[in-house]
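Structure in structure tokens, see below.
The values are calculated or read from the model by the stated rules, or taken from the named source; none is laboratory data. Predicted, not measured: the structure shown is a model, and the values here were computed from it. Every residue, glycine as well, gets a Cβ built from its backbone with ideal geometry; the counts of neighbours run over all protein chains shown.
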């Protein structure tokens, strides 16, 4: 299960690459990081969180923020990782609900990647 989650997170890395219309400021990055982390760390996880597309946008912006404000890169990485993990978990639950998990594992074992 952990390897599947890691695979999903890696796949999402290629999905989350998006262009930002304008680069955020350091102040905006820091404010968003604090706000979004407070929302992402709610227990139980995935409760009242925004849609997948919004989580993907958060992850993308935090990636931009790491470059704009490298001194606080770890904080942005933390939000990015939390967001990516929640997205990956949602994808895995979808695969299981749609009975596609076994098909994925079978095709992967057969070398279809």
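Take residue 58 and decide whether it is surrounded by 16 or more Cβ atoms within 10 Å (Cβ to Cβ), modelled with pLDDT of 95 or more and out of contact with any strand residue (DSSP E or B) (no Cβ under 9 Å at 6 or more places or on another chain).
So residue 58 passes the test.
Just a yes or no: is a residue in region 72-86 loosely packed, with under 12 Cβ neighbours inside 10 Å and free of Cβ contacts under 8 Å to residues at least 60 places away in the same chain?
Within region 72-86 (the criterion being loosely packed, with under 12 Cβ neighbours inside 10 Å and free of Cβ contacts under 8 Å to residues at least 60 places away in the same chain), the answer is yes, since at least one residue qualifies.
Right, something else. Evaluate region 22-44: report whether one residue or more is under 25 Å from residue 107 (Cβ atoms) and at pLDDT 90 or above.
Looking for residues that are under 25 Å from residue 107 (Cβ atoms) and at pLDDT 90 or above, one finds none in region 22-44, hence no.
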